[in-house]
1. List the pair-distance distribution P(r) of the range 189-319, using every Cα-Cα distance, as the percent of pairs falling in each 10 Å bin from 0 up to the bin containing the longest distance, rounded to whole percents.
2. Within a 10 angstrom radius of the beta carbon, how do 197, 242, 17 rank from fewest other beta carbons to most?
3. D for the range 251-303, whole µm²/s, Stokes-Einstein with Kirkwood Rh over alpha-carbon pairs at 20 °C and 1.002 mPa s: what number?
4. How do 151, 137 rank when sorted from fewest to most other Cβ atoms within 10 Å of their own Cβ?
5. With N set to the number of residues, divide the alpha-carbon radius of gyration of the range 9-61 by 2.2 N^0.38 Å and report two decimals.
Ligand SMILES: [Zn+2]
């Protein structure tokens with residue numbers, strides 16, 4: 001009987017330093033009693049990362065690198081983000097199709113920001129499950145607590161029923177916590193959803209298993225807090241309502257009364273009146289403009305000339321705040 005063949009696959013859009021560590025770990029994947037090959041989808045912007053993939057070799061294994069499908073407007077970050085999720089799911093499915101077309105007995109799909117333990121593929125294979133993921137905990141966001149890369153089906157249930165939503169959320173949170181606690185003990189558990197580090201056998205591939213974009217989850221996590229997008233570093237200056245700073249104008253350009261910790265003056269070509277910008281933890285509203293406030297300069301309104309002078313001119317990372 002011919003040796004079984006497992007395809008290790010990964011859509012890759014990764015910084016070179018992280019990718020290097022990932023590829024080193026893939027090279028030491030052990031495969032006692034079966035062969036392994038590799039497939040990558042090169043979705044990198046970084047040339048260095050693309051070259052790392054192109055140079056990846058391992059004796060006894062074939063390595064395939066497929067190009068990505070680009071073409072999403074870079075300036076539309078919301079669309080790009082959503083499309084990235086759709087894209088990654090599509091890439092994983094493309095790898096599954098490739099595995100079926102090329103008669104692999106199983107596929108191991110892994111994200112390129114992980115370091116794979118040498119025995120992991122053997123270990124997952126030995127579990128003899130149709131679909132099995134190695135579990136890890138990760139923070140989706142700096143402020144969040146870490147969660148497992150597996151979830152209960154309940155988390156995906158529609159929560160559009162407003163009457164039951166509060167009760168539902170409490171119960172869902174309880175089950176989610178209970179599930180996460182259970183996962184802290186080593187073992188094999190049933191889950192409603194898996195991601196990032198998944199072994200799928202031939203029968204499951206033929207049974208039609210496919211990845212779907214994790215959009216619901218993503219929206220749920222982001223919904224409660226306003227969305228903040230880094231705009232990069234700006235020059236921050238200060239002004240007040242005095243003659244010297246404001247030339248006798250008592251009101252903002254927008255007609256409102258300037259207020260400390262609230263009013264900011266910006267280049268209205270970039271930030272229309274009403275735009276909310278976060279600087280050093282305070283969310284300001286663009287209500288004013290100034291002859292020297294152009295491009296990446298922002299002018300913060302202070303209650304006194306002394307304070308405006310004391311804060312001086314500095315640079316800070318600025319975030320666009322959107323609901
Ligand atoms: Zn002043």
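1. Computed distribution, short to long bins: 11, 34, 19, 10, 10, 10, 5, 1.
2. Sorted ascending by nearby Cβ count, the order is 17, 242, 197.
3. 200 µm²/s
4. 137, 151
5. The reported ratio for this selection is 1.15.
Each value in this text was obtained by applying a stated rule to the coordinates, not by laboratory testing. Keep in mind that this is a model prediction, so the values were computed, not measured. As a convention, Cβ positions derive from the backbone with ideal geometry for all residues, glycine included, and neighbour counts pool all protein chains shown.
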